[in-house]
Amino acid sequence: MKKPSQLEEEINKRKTFAIISHPDAGKTTLTEKILFLSGAIRTAGTVKSRKSGKYATSDWMEMEKQRGISITSSVMQFTYNDFKINILDTPGHQDFSEDTYRTLMAVDSVVMIIDAAKGVEAQTKKLFKVCSDRGIPIFTFINKMDRQGRDPFDLLEDIEEVLGIQSFPMNWPIGMGNSFKGVYDRIVHKIHLYDEQREHHSFQLESDDLSNDDLNGLVETEQILELQDTISLLNEAGDSMNSEAIKQGKQTPVFFGSAISTFGIPAFMEHFLELAPEPQGRKSNEGYVEPSDNDFSGFIFKIQANMNPAHRDRIAFMRVCSGKFTKGMEAWNDRTNKSVKLAQGQQFFAASRGNIDEAYPGDIVGLYDPGLYQIGDTLCGQKNTYSYGKLPQFPPEHFAKVRAKNAMKQKHFYKGVTQLAEEGAVQVYKTVKMEESILGVVGILQFEVFEQRLKTEYGVDLEIQSLPHTCARWVSDDKDLKLDSPNYLVHDQSGKSVIIFESDFALRWFKDKNPNTELYD
Ligand code: G4P
């Protein structure tokens, strides 16, 4: 067998994934416990301590801290059992689904957390759809087994029916809530006992017979009998584990556990590291690019200004797709067709970051961005090679007129608006007649974040007047349009003409009046 090259060895050591969930299912808690088990952080402050001022390591934006929700996606790299892990945290709140969507373009697998009492919730469904459209492998962690929840079979049925994916329980819970005794690992035939004092209390069994005498007294006889029945039922009537189907996102391995007490996480990570794919290649306009291709390539999936208020800098997050990134290398940007020197790469660990000299496929590199990059840019080590294509933008659904309260702050206002628009945090339009600024967002909470960021990062207090308008359409030619007054003709950031309509009815009315005008969303 051919010895893997150094590049292949580096690729095989990496796992790049995102954690998705409906808010409150336990994403922050799970992330933090994984970081804790890896040794990357020394104290896993529980989410409760957010309220006492000690925040989860992955939540670093002021507003997230105040509200206890995840708004921006952060990136964390660390080592876990010799694997280089890149976790891309995603905002759980639906108003930030565009940011999440872009982040999901940069991962090779996803961990989906489900609250055992709630089953599949609305936001999980939406995020799941994005993953399944891309065929991303999904690992399910059913959380909060220490609380009374729904029947495990019910939960599996929910996953299969609501999400339309086959499930394979990797472990099976013994009781739940007050009678939660642990889980039986179906792969390695081990019982892990849930013991709040001793987390790693486990029994190795010979096989699925589950008649280990050591269990007597620790687990009630009834529970052992029930477990025996369930395991034989699952073995006989359930689907078998299919690693190919897992890699294609058609089957999800399901784990039961309790993130708050770290219960089930070490075993989950062990199986995950074995089954989750290493960094995958990517489709370009010139065909599929293998990560082991020696020529460097990557793409920008996120831009974030003012990550460090002390430096007022802007960082473009690049996922390395092929070859090796080295500090100071030259790369070509497919959009501008210009070369850039990738002078300083940054690596992230929640709130802190450090310089890196090299990075490999799967890694996320933060590039200083003095305005060189846009979301969706491809960077290649060779000139004119290929492009990974644009990342899709969501059409905005909420609109508001904004201006600085203090006219003297106009310069700061425009700077802030432009930078946040380039980040993709909001879309900004200018009315053609009065040159007023109109913001467009997918979720209403984005306005609040925008307002807060303009205040804290640019020192500008805003006046926001929300508009009843509901949709925006781009027009190729804006001459001689028959447009009624509540609708606005505006220009977007790149100067293209857009009409903002008050309602779907107004849009249909416009189409009737202007049958030759083509509209795009
Ligand atoms: P999120 O990032 O997905 O939004 O969830 P997060 O980790 O913040 O967890 C949400 C709440 O659920 C937190 O409670 C957290 O302590 C709790 N939680 C997480 N994992 C478990 C678990 O395994 N078992 C139990 N019983 N609880 C868990 P909180 O801060 O008190 O918030 P709240 O309960 O007041 O909403």
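Being more than 20 Å from His398 (Cβ to Cβ), loosely packed, with under 14 Cβ neighbours inside 10 Å and at pLDDT 85 or above is the filter here; which residues of the range 493-507 pass it? Hit for the range 493-507 is Gly495, nothing else. Being surrounded by 17 or more Cβ atoms within 10 Å (Cβ to Cβ), without any contact (Cβ under 8 Å) to a residue 60 or more places away in the chain, of a type in the set (Val, Ile, Thr) and within 25 Å of Asp313 (Cβ to Cβ) is a description that applies to Ile356. Restricting to the range 89-113, and then to whatever is modelled with pLDDT of 90 or more and assigned to a strand (DSSP E or B), can you tell me which residue is farthest from the ligand (Cβ to nearest atom)? It comes out as Ser109.
To keep it simple, each residue is scored yes or no on (1) surrounded by fewer than 20 Cβ atoms within 10 Å (Cβ to Cβ); (2) more than 22 Å from Pro515 (Cβ to Cβ).
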| site | (1), (2) |
| --- | --- |
| Lys430 | yes, yes |
| Val442 | no, yes |
| Val449 | no, yes |
| Glu463 | yes, yes |
| Asp484 | yes, no |
| His491 | yes, yes |
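Looking only at the range 12-23, which residues are more than 27 Å from Lys129 (Cα to Cα) and either part of a helix (DSSP H, G or I) or under 14 Å from the mean Cα position of the chain (by Cα) (or both)? Correct list: Asn12 only. Please specify each residue of the range 263-291 satisfying the condition of being away from the ligand (no atom under 16 Å from the Cβ) and either out of contact with any strand residue (DSSP E or B) (no Cβ under 7 Å at 6 or more places or on another chain) or basic (Lys, Arg) (or both). The answer is Glu270, Glu274, Gln280, Arg282, Lys283, Ser284, Asn285, Glu286, Gly287, Tyr288. For the range 465-496, how many residues meet the condition of being of a type in the set (Gly, Ala, Ser) and free of Cβ contacts under 8 Å to residues at least 24 places away in the same chain? The total comes to 3.
Determine whether Ser132 is at pLDDT 80 or above, assigned to a helix (DSSP H, G or I) and more than 15 Å from the ligand (Cβ to nearest atom). So Ser132 passes the test.
The single residue among Ala44, Ala56 that is at pLDDT below 65, touching a Phe, Trp or Tyr at 6+ places or on another chain (Cβ under 9 Å) and within 23 Å of Ile142 (Cβ to Cβ) turns out to be Ala44.
Within the range 243-262, the set of residues being away from the ligand (no atom under 15 Å from the Cβ) and either outside the structural domain of Ala116 (by TED's automatic domain parsing) or within 21 Å of Ile113 (Cα to Cα) (or both) comprises Ser243, Ala245, Ile246, Lys247, Gln248, Gly249, Lys250, Gln251, Thr252, Pro253, Val254.
The values are calculated or read from the model by the stated rules, or taken from the named source; none is laboratory data. Here the structure is a predicted model, which is why all the values come from computation and not from measurement. Don't worry about glycine lacking a Cβ; one is built from the backbone with ideal geometry, like all the others, and counts go over all protein chains shown.
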